[in-house]
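The values are calculated or read from the model by the stated rules, or taken from the named source; none is laboratory data. Please read these numbers as outputs of a predicted model, since none were measured by experiment. Here the Cβ positions follow ideal geometry from the backbone for every residue, glycine too, while neighbour counts run over all protein chains shown. Areas reflect the complete protein model, heavy atoms only, side chains present, ligands, DNA and RNA absent. Shrake-Rupley method; radii C 1.70, N 1.55, O 1.52, S 1.80 Å.
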Amino acid sequence: MKTFMRFAVVVILALGFISCDELDELTEIDFDTTLSDDLMVTIPAGEDLVLNETMLINMVNSDTQDYMDLLQNVRITSFTYQLVNFTGDVNGTVTGNFEADGVTLVSHNNMVVKSEVDAGTIFEVSDVSLLNSIASKLKSGNNVSLGLSGTSTCEEAMTFTIVVTIELDITADVL
């Protein structure tokens, strides 16, 4: 009888823990959202000019604003950027890095900006550890500084826009 009672207590406790986990899962909401922002870049004419253009991005939008204090998990499923709306020196180049909070995400070596715009090149950030670091900052409600740094060379001034798109998979615990 003692063995049966111990077994019964163990089974009841195990069922209780399993039920709590299942109940917790019922109070979670999963959703996706997309962060998108534009960085205008203006480069004056000249050789080996220092380039440092940045913007701040955060994850507060109409999808997330009600859940910011309830976030359990934020995962970046896609992080891309594209150069668009080019004007200026068709042979102008940029050598440098696309960065997040000073950490290099993608390097560019003598990139001819107009060629990348014309080709419609979409640059993808795929380093999982960097994506996890950015997701962690966003989850904490912090801004992330994104930008282009390095040098540029052009005979006439150039302007273009960097369109950043970050797709997120989010879990929030509503209770």
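Scanning segment 29-43 for residues that are within 20 Å of T165 (Cβ to Cβ), surrounded by fewer than 12 Cβ atoms within 10 Å (Cβ to Cβ), in contact with a strand residue (DSSP E or B) (Cβ under 9 Å, 6 or more places away or on another chain) and at pLDDT below 90 turns up nothing. Would it be correct to say that T64 is open to solvent by less than 40 Å² (accessible area, probe 1.4 Å), of a type in the set (S, T, Y) and not in a strand (DSSP E or B)? In short, yes. Kindly check whether there is at least one residue in segment 138-159 that is surrounded by 15 or more Cβ atoms within 10 Å (Cβ to Cβ), out of contact with any Leu (no Cβ under 7 Å at 6 or more places or on another chain) and more than 24 Å from V50 (Cα to Cα). Yes, there is a match, as at least one residue in segment 138-159 is surrounded by 15 or more Cβ atoms within 10 Å (Cβ to Cβ), out of contact with any Leu (no Cβ under 7 Å at 6 or more places or on another chain) and more than 24 Å from V50 (Cα to Cα). Selection within segment 44-61: residues that are more than 17 Å from the chain's Cα centre (by Cα) and within 18 Å of I162 (Cα to Cα). The member of this set that is surrounded by the most Cβ atoms within 10 Å (Cβ to Cβ) is L51. The residues in segment 83-110 that are under 14 Å from T159 (Cα atoms), of a type outside the set (A, V, I, L, M) and assigned to a strand (DSSP E or B) can be counted, and the count is 5. Here Q72 fits the description: surrounded by 13 or more Cβ atoms within 10 Å (Cβ to Cβ), modelled with pLDDT under 95 and not in a loop (DSSP other than H, G, I, E, B). Out of F79, F86, one residue alone is among the aromatic types (F, W, Y), open to solvent by less than 40 Å² (accessible area, probe 1.4 Å) and more than 26 Å from L49 (Cα to Cα). It is F79.
Return yes or no: is S115 among the polar types (S, T, N, Q) and in a helix (DSSP H, G or I)? So S115 passes the test. Inside segment 108-128, residues that are at negative phi and either touching a residue at least 24 places away in the same chain (Cβ under 8 Å) or open to solvent by 80 Å² or more (accessible area, probe 1.4 Å) (or both) make up a count of 14.
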